[in-house]
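Worksheet for the structure shown next.
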Amino acid sequence: MQTFLHGRDLIGDLDFSKEEVETVLDVAWDLKRKRALNEPHAYLRDKVLAMLFFFSSTRTRGSFEAGIAQLGGHGAFIESKTTQISHGDTAKEIGEIYGRYFDGIAIRHCDWKIGNDYLNEVARNCRIPVLNMQCDVYHPFQCLADLMTIMEKKGRDLKKKKIVVSWAYAASYLKPISVPQSLVIQMPRFGMDVTLAYPKEFPLMPEIEQQAADEAKKWGTSFEIVHDMDEGMKDADVIYAKSWGPLMTTDDPVKGKALQDSYTDWIMDQRRLELAKSDAIYMHPLPADRNIEVTDEVIDGPNSVVYDEAENRLHAQKAVMALTMSYATIFK
Ligand code: CP
């Protein structure tokens, strides 16, 4: 077990080794049990986490803020629009200055071709852990909660279990591609066979698809891409069907929306659920476009685990904060 995570950043899903992720999950389950038993677990007394948001949030904000408080610390909620960032504060300055006030900086910045670079620039210039609350490339804390949920429902040994990560239609907005990207590179390490399903204009970043194939080969699992939602569902143990924007095809929002609107039939419904194994679980990070992306029947049905999945954000994030922020000494 690799436990020495003090001072480490978590920006990309593979920043932590498989053994380190196993440690995170182990601690997360311990913290989940402690919370259920009302056992105090103030591992981060007097520590303060800066939570810098460039993009809205329900779950991420709530779970990080509740999590740091339950660990005995405090979360400072900071929206970029109420800072001097738009007046010139650079990523380097945020890293240097907030690194001296706080004990960890969590950032959500989903702007395409900007967010991940911003987080890395802050990380290069600060002395404390930088935690990725979602960028344009990765959503690692969502993925940790997803992995934790899958193991709770399907057992810790996921060898030969099939996850289908499928595109689905949404009408609300062009959603980031970070969730499917994190899933396809993380799940092979835990033995899952990954099927990625999308209409041909909706690929993930080519380097991520290549990394998913490389990880599958390394861990002896499979990675396949299909362009038919029904085909993707066949014999799946885990269905992760959600929307994302056609960012590899166009970053023009009007053209992207027009492309998206040509695939309204990619909805996760009961007929498709029945193509998977009878005990398949349905997952979605939320928010979902109800009855557009997924039917009420599926998301509120017996196969859906979306609320357990959302809950596990809290426990997984507490585990990473406790492991990375607990020392007074800086190790970066
Ligand atoms: N799943 C997720 O990240 O939710 P929020 O956008 O509400 O934080």
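A short reminder: the numbers here are calculations on the coordinates, not readings from a lab. The shown structure was predicted, so the numbers you read here are calculated from the model rather than taken from an experiment. Note that each Cβ is placed from the backbone with ideal geometry, even for glycine, and that neighbours are counted across all protein chains shown.
Applying the criteria of a DSSP loop state and at most 15 other Cβ atoms within 10 Å to the GluC sites (Glu not before Pro) of segment 264-332 yields 274. Comparing 53, 77, 190 in a Gaussian network model of the chain (Cα springs below 10 Å), the most mobile by mean-square fluctuation is 77. Two tests apply to each whole DSSP H helix in the chain, Cα reach of 24 Å or more along its axis and mean Kyte-Doolittle hydropathy of at least -1.0, and the ones passing both are 18-36, 306-325.
For segment 234-285 versus segment 8-30, the inter-centroid distance based on Cα atoms is 28 Å. Mean silhouette area of the chain, derived from the convex hull of its C-alpha atoms and averaged over all directions, reads 15.9 nm². Taking trypsin sites (Lys or Arg not before Pro) across segment 83-124, the ones in a DSSP loop with at most 12 further Cβ atoms lying within 10 angstrom of their Cβ are 113.
Within the listed set 237, 252, 146, the residue fluctuating most in the Gaussian network model of the chain (springs between alpha-carbon atoms under 10 angstrom) is 252.
A DSSP coil position with no more than 10 other Cβ atoms inside 10 Å describes the following trypsin sites (Lys or Arg not before Pro) in segment 163-238: 200. Considering only 267, 78, 11, the mean-square fluctuation computed in a Gaussian network model of the chain, springs between alpha carbons under 10 angstrom, is largest for 78.
Would you list which lysines come within 25 Å of residue 34, measuring only between C-alpha atoms, while excluding same-chain residues fewer than 8 positions from it? List returned: 18, 47, 153, 154, 318.
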